[in-house]
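Derivation of every value follows stated rules applied to the coordinates shown; laboratory data play no part. Keep in mind that what you see is a predicted model, and the values were worked out from it rather than measured. We place every Cβ from the backbone using ideal geometry, glycine too, and count neighbours over all the protein chains shown.
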């Protein structure tokens with residue numbers, strides 16, 4: 001196992017290596033399996049800069065998410081993209097790192113309104129597969145200087161480089177959270193209600209539906225955040241707008257609303273149950289179509305219906321069942337037998353060629369998480 | 001402005017190349033006459049001009065693919081063009097290039113309120129995207145000042161911003177999918193009405209790649225419901241420092257204004273003389289706009305004013321209705337026109353951390369004195385995106401060069417304090433040679449290696465973004481073995 005303590009050491013280790021690395025931050029959300037020497041970034045820690053008045057934080061990649069949360073919370077700020085905590089779902093322990101969050105572009109319910117991790121990522125420093133140290137972006141919110149490799153690194157799962165430092169935009173924690181709760185809707189009704197809410201002027205920051213809530217019945221949740229009076233006004237206005245969908249309860253208890261959205265964020269309805277778990281991204285109106293094509297199962301819809309967390313029998317090929325629908329599906333949890341469908345969604349031939357080409361540029365020796373995210377660069381091609 | 005020498009072979013083959021292009025496009029879609037091509041000799045960076053060898057105006061993705069395949073085979077550089085409003089020379093031609101204009105591709109292909117997306121052909125103008133959905137209460141958020149004219153293709157290429165991106169983000173945050181044609185004619189589709197890429201975020205790389213990776217022919221964009229209302233407050237201060245501190249305090253207080261605009265004294269005076277908006281004569285002026293219902297706006301403005309008063313403003317003027325709001329915005333919106341009235345000017349676009357604002361403004365003042373050129377500052381303070389306007393005399397020998405030298409020094413200052421060369425206009429040819437101020441050779445190599453993958457012959461908009469010395473081997477085919 002290698003665990004570099006600074007960026008220069010990380011660069012040296014990669015430059016000198018002939019063997020591949022299996023890279024992880026805290027290992028709490030790693031998908032798929034990779035061969036190679038385990039490389040951990042947990043020794044690259046520390047907040048380099050925190051400027052609350054500019055809504056900016058810069059941290060070393062191995063900094064734990066918990067540490068970052070507490071530093072920001074002390075100034076009433078937070079990471080607005082709500083990175084999920086998948087430890088319970090995946091049966092992992094350890095501490096999630098901010099580098100791991102970025103590498104997975106891990107984004108929660110607020111993605112539908114405020115954006116994903118990639119939308120808040122202002123800059124990165126990383127070491128590529130040749131040991132070259134690269135920076136891109138910076139610490140300011142508006143930056144179009146050169147190509148945006150920041151977005152490329154977000155969600156690249158360590159296949160293009162090992163992140164050493166990330167710079168993020170943060171946002172103030174709102175004064176009040178209000179959640180509209182509607183019980184008993186079918187998925188198609190729920191998506192209609194959520195579309196109506198998201199298409200309103202009321203700045204909805206979360207819209208989710210589950211076929212089986214904590215008390216066993218379907219429940220639809222629509223979240224509003226902001227100043228207390230404003231949340232009250234918008235919640236009432238939205239309740240009037242959605243009156244056709246039945247009785248609507250408005251929940252403003254801080255503990256209950258936080259727990260409810262953490263439950264959605266972490267796909268907690270599937271924790272500890274048998275079967276494979278898939279994360280499916282489609283157009284919101286296709287959400288109910290997806291649900292109807294899958295085996296009789298319990299499903300959570302987030303992002304207004306566009307993100308589905310589905311639990312299906314072991315080895316079931318969700319992609320095959322959804323052929324013809326636009327979107328993508330990732331197998332988040334599975335038994336891991338060789339005949340299982342791939343973890344990551346395959347790409348069209350020309351896009352796969354671009355991906356392979358970029359990977360070969362950044363990692364010509366095939367050292368970084370080979371086998372992850374489709375094919376690793378073939379040694380023959382060099 | 002140094003540009004690469006034209007490829008002689010291409011110029012010699014002009015007749016054949018034009019014939020081949022004509023064979024795949026409809027009548028009148030290929031412009032090769034020396035008089036007519038002059039319409040494409042520059043974009044909004046008018047200091048630099050060069051008529052292209054030809055210009056083509058395709059009407060479909062297939063036609064774009066045919067054009068690019070031919071140019072790829074003939075080794076013709078291609079410069080994609082939206083509406084030609086780039087302030088950075090992004091659409092500046094070379095003598096041997098074909099300008100590929102998307103202006104004839106402006107249809108709305110799909111409007112989907114349930115999914116809150118619109119899919120358009122990329123030649124559609126920014127404002128007419130909103131125009132297609134505003135009757136139903138929706139809008140497309142990124143709003144560059146050229147929005148009446150600029151095309152979505154150019155917005156995607158430059159990752160355009162606007163005054164309201166403090167709340168709504170820039171193009172890349174509102175772009176969900178594209179159909180794009182690569183230089184060799186390959187058509188790819190990325191993203192769509194669903195969120196986030198299945199593999200690498202290639203959509204994120206294409207957005208802001210300044211037309212160097214491919215020609216975007218269709219774009220799927222996020223649309224939002226319009227807010228119930230919006231109103232600004234104007235706050236005047238005696239010093240830039242205090243105005244800067246006020247901006248920070250507003251942001252920290254948890255209010256999320258849609259815009260925080262900042263003007264300094266030279267800019268205030270010019271705008272006042274030009275538009276007579278009734279601005280106070282002070283050192284620094286803030287315009288802060290918030291959105292929501294009437295009551296929500298009142299509450300947010302009250303909080304902002306409470307924060308502003310702690311810094312002893314010399315004036316606070318709250319807009320109580322649309323008319324008063326219009327008057328507050330009048331001066332700001334006429335800033336560029338006001339400057340144009342006084343003199344030739346050059347508009348810079350660096351971004352700085354908001355906390356460095358007072359220091360940067362002081363240094364700009366010193367540099368302005370050193371060069372003997374006046375600088376007026378107007379910018380998006382909430383996100384630190386500055387637009388210093390340097391006034392100069394283009395008719396005076398050496399005037400432009402002196403202005404460019406001051407501009408370069410101001411941009412270096414932006415980088416020095418932790419910011420960047422360009423916040424929303426793009427690098428183009430204008431800031432190409434400053435890239436090594438912000439990035440190391442390795443940083444640029446990583447970016448250029450992306451272009452190697454998308455366009456291995458370096459034919460697409462090849463003389464932009466990177467210093468010519470860094471790209472020469474690639475452009476002339478010395479490194480890639482072709």
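Structural remarks
- Centroid-to-centroid separation of region B:413-477 and region B:28-104 [C-alpha atoms, Å]: 21
- Per residue of peptide B:442-452, the mean number of Cβ atoms on other chains within 10 Å of the residue Cβ is 6.
- Inverting the pair-averaged 1/r between distinct Cα atoms of region B:76-151 gives 13.7 Å as its Kirkwood hydrodynamic radius.
- Folded to 0 to 90 degrees: helix B:14-24 orientation relative to chain B principal axis, Cα: 80
- Relative contact order, whole percent, for region A:206-290 stands at 17, derived from Cα pairs under 8 Å and 6 or more residues apart.
- Here region B:170-226 and region A:193-238 have alpha carbon centers that stand 30 Å from each other.
- Averaged over A:48-57, number of beta-carbon atoms from partner chains that fall within 10 Å: 5
- Order by protection proxy (mean Cβ within 10 Å, highest first), peptides A:95-102, A:244-251, B:46-53: A:95-102, B:46-53, A:244-251
- Contact order normalised by residue count of region B:315-401, Cα under 8 Å, 6+ apart, percent: 31
- Among A:180, A:44, A:149: highest mean-square fluctuation, GNM of chain A, C-alpha pairs under 10 Å: A:149
- Judged by the ratio a/c of the largest to the smallest principal axis of the C-alpha gyration tensor, region B:26-110 counts as oblate, that ratio being 1.5 or greater while a/b is no larger than b/c.
- Cα-based helix-to-principal-axis angle, B:294-309 vs chain B, degrees rounded to 10: 70
- Among A:83, A:109, A:313: highest mean-square fluctuation, GNM of chain A, C-alpha pairs under 10 Å: A:313
- Dividing the summed -39500 (n - 2.57) terms of all DSSP H runs of n ≥ 4 by the residue count of the protein assembly as shown sets its mean residue ellipticity at 222 nm at -9500 deg cm²/dmol.
- Overall, the anisotropy analysis places region A:270-361 in the oblate class: the square-rooted eigenvalues a ≥ b ≥ c of its C-alpha gyration tensor yield a/c not less than 1.5, with a/b not exceeding b/c.
- With distances taken between every two different alpha-carbon atoms, region A:28-112 has a Kirkwood hydrodynamic radius of 13.9 Å.
- For region B:232-262 versus region A:132-165, the gap between their alpha-carbon centres in whole angstrom: 30
- Shape call, region B:209-252: gyration tensor on alpha carbons, a/c limit 1.5: oblate
- Burial ranking of peptide ranges A:344-357, B:229-242 (average Cβ count within 10 Å, highest at the top): B:229-242, A:344-357
- Exercise: per-residue mean of other protein chain Cβ atoms within 10 Å, B:162-173: 3
- Degrees, to the nearest 10: B:322-333 long Cα axis against longest axis of chain B: 60
- Per the Debye formula on identical point scatterers at the alpha carbon atoms of the protein assembly as shown, with no solvent, log10 I(q)/I(0) at q = 0.07, 0.11 Å⁻¹ is -0.53, -1.39.
- Debye intensity ratio in log₁₀ form over the Cα atoms of chain B, taken at each q of 0.06, 0.14 Å⁻¹: -0.28, -1.40
- Relative contact order, percent, region A:149-222 [alpha-carbon distance under 8 Å, six or more residues apart]: 30
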